[in-house]
1. Of the residues ASP382, ASP367, only one is within 23 Å of the chain's Cα centre (by Cα) and in a loop (DSSP other than H, G, I, E, B); which?
2. Tell me which residues, restricted to region 436-469, are within 14 Å of the chain's Cα centre (by Cα) and either under 25 Å from ASP352 (Cβ atoms) or among the small types (Gly, Ala, Ser) (or both).
3. Checking the condition within 23 Å of the chain's Cα centre (by Cα) and not basic (Lys, Arg), which residue from LEU348, LEU360 passes?
4. Take region 247-301 and flag every residue that is of a type in the set (S, T, N, Q) and either over 24 Å from SER483 (Cβ atoms) or outside any loop (DSSP other than H, G, I, E, B) (or both).
5. Scan (1) surrounded by fewer than 21 Cβ atoms within 10 Å (Cβ to Cβ); (2) over 23 Å from GLY268 (Cα atoms); (3) in contact (Cβ under 8 Å) with a residue 60 or more places away in the chain for the single condition SER423 breaks and write down its number.
6. Return the total of residues in region 302-336 being more than 22 Å from PHE264 (Cβ to Cβ) and either in a strand (DSSP E or B) or touching a residue at least 60 places away in the same chain (Cβ under 8 Å) (or both).
7. Looking only at region 242-255, how many residues end up being surrounded by 18 or more Cβ atoms within 10 Å (Cβ to Cβ) and either out of contact with any helix residue (DSSP H, G or I) (no Cβ under 8 Å at 6 or more places or on another chain) or not assigned by TED's automatic domain parsing to the domain that holds ASP352 (or both)?
8. Please name all residue pairs, on different chains or six or more residues apart, with Cβ atoms under 7 Å, provided the first residue is in region 189-218 and is not assigned by TED's automatic domain parsing to the domain that holds LYS260 and buried (at least 19 other Cβ atoms within 10 Å of the Cβ) and the second residue is assigned to a helix (DSSP H, G or I) and not acidic (Asp, Glu).
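The values are calculated or read from the model by the stated rules, or taken from the named source; none is laboratory data. Because the structure is a prediction, the values reported are computed rather than measured. With ideal geometry, Cβ positions are generated from the backbone for all residues, glycine too; neighbour counts draw on all protein chains shown.
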Amino acid sequence: MKIQSTDTSLEQWAGDYLGIGFFEDQVEQSEHFKTLNQATHGLLEEILAETEFKGKSGESTSFRSPGAARKIVVVGLGKAEKLTLESLRQAAASIARTAQKQKSKTLGILLPSWKNDEALSTGAIAEGVTLSQHQDNRFKSEPDANGAAKHLEQVDLLGLGNQSAAIAKAEQVSEGVILARELVNAPANVVTPITLAQTAAELAQAPGFTLEVLEQEQCEALGMGAFLCVGQASDIPPKFIHLTYKPTGTAQRKLAIVGKGLTFDSGGLNLKPTGSGIETMKMDMAGSAATLGAAKAVGLLQPDVEVHFIVAATENMISGRAIHPGDVVTASNGKTIEINNTDAEGRLTLADALVFAEKLGVDAIVDLATLTGACIVALGNDIAGVWSPEDELANAILSASELAGEKMWRMPLEEKYFEGMKSMIADMKNTGPRPGGSITAALFLKQFVKETPWAHLDVAGPVWIEKESGYHNPGATGYGVRSLVNWIVG
C-alpha cells in the first residue's frame, strides 16, 4: 500500500473511494460540503438528510457517487474544539476499513489538521490507515480466504500539502507496532525466550545496533537470582537480552527501556486456574514486544539518542525444579526476597533488569509490564498506569502518550503501602496485601533503582482487545510502541 499526500483538489480527485470528515453541527457550513455537494449534483445533501448525519463522533454514512469518486464515505469528527490526533487516527481507520471492505484499490482521504500542525496530523492519519489494514493470519490454514489479505493499493491524503516525511515516519513507527502485535499474537510454542533473542538479533542488523544476550551461566555470575528463579522450572533456557542503539553522531540523551518478557506465565506452583485467563498468558510478554517494537522503529528512524532495550526473557512453569512459595532468593543488588506468590513473577524478572539498566549510566529508565490485574481493576482495559517519583519524567511520558493516543494515568507511589511487603525472614516479600496491588508492585520495583529517574508502566489492560476497534483488530494492539518512540525522539 502506498500512502502519499497530494495537492489534487476535492472535486478533481478520482478513484474508487473518497472519505471526508465533518465537524458536528458544522456540516452544511463547510466549504468542503458545498464543493462535494455540487460535484455530486446535490446527492450528498440528500443522503445526509435521509440518514440524519450531524457529524457526531463515530457517525458515518456511505453512498455511490455520480462524480469522479465512485463511492463516498463521510465520517463525524465530533465538536471542532475537541479534535485530537487520536480523532484523526480513528476517522482515518474508519474510512480505510470501509474502503477495504468494499474491495477498493484507491482511496482519497480529506480530514482537517489538528492545531494547524499538518505534519503531526498527516502522521496520525497515516498511522490510522496503516494499522487498520494490518491483518495477522499467519496461523490460519487459508490466510487469503474470502479476500482477507486484500489491501488498499493507494491512499491519497488531500489538503495537507507535501508531507512525505511525516508519512514515512508514520509508516516506520507502524512497522514497530506491527512487530509488537505479531509477537504478542503468536502462541507460546512459537514465541519463546529463544525466539525473542532471535528477534533481537534480526533487529540488531540495522545500523547503529549491537546485541548482547546473556545466557543462564552469565546471569548467575551477575547474581540475578530474582530473574533466574522464575524460569528454573522451564525446559527452555532464559535469555537476558540487551539490544543497544547508538547514533553515528553525538547522542543527545542516553535512555533505557525495560520490557517484561514472560513468554508464558502458568503462575508457577501458585497455578492459575482454568477460567482465570491462563490460556491468554502468551501475552505476558507484551512489555517486551513493545520494547522490541520500539527498537524496530528506532532502527528505521535513526534518532540522535542512545537507547538500551532490555528484556529478561523466560517462562514461568511448573516442575520438580520450580520455585516454592516461601523460598528466599537474592537479586543482583543484594536484596533478598521471600517468594510468597509464584504468580507475581514479572516483578522478579524486572528487578534484576532494572539493576542492570541503572549500571549502564543512563539518563532515565522506563519499564513496561503486563504486571497486575489490579491495574485493570483500577483503570479498566483502555488505560495504562504510570508510576514515577520524578515529575519531569512522568510528564514527558504522559505527553508522549497523548500524542500517540495511548491512554495513561499517573498513579501514586504511596510509600506507606510498602509496609505490607516486609518479610520476617528477608528484606521483602514479592507481593503485599490485596488492596492497592498495582501500587505495591510499583513500590517493589522501586527498590531496584537507586538514583536514576525511573518510570513504571503497567500496561496489562490496553495490550489486548477482544473486538475490532478503530485501527486495532481483535488480539494484540501493539500498545506502548508509539508512546515510547515519541518519548525517545522527543
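1. Result: ASP382 is the single residue among ASP382, ASP367 that is within 23 Å of the chain's Cα centre (by Cα) and in a loop (DSSP other than H, G, I, E, B).
2. LEU457, ASP458, VAL459, ALA460, GLY461, VAL463
3. Among LEU348, LEU360, only LEU348 is within 23 Å of the chain's Cα centre (by Cα) and not basic (Lys, Arg).
4. THR248, THR250, THR263, SER266, ASN270, THR274, SER276, THR280, SER288, THR291
5. (2)
6. Matching residues across region 302-336 total 14.
7. Qualifying residue count, region 242-255: 1.
8. none
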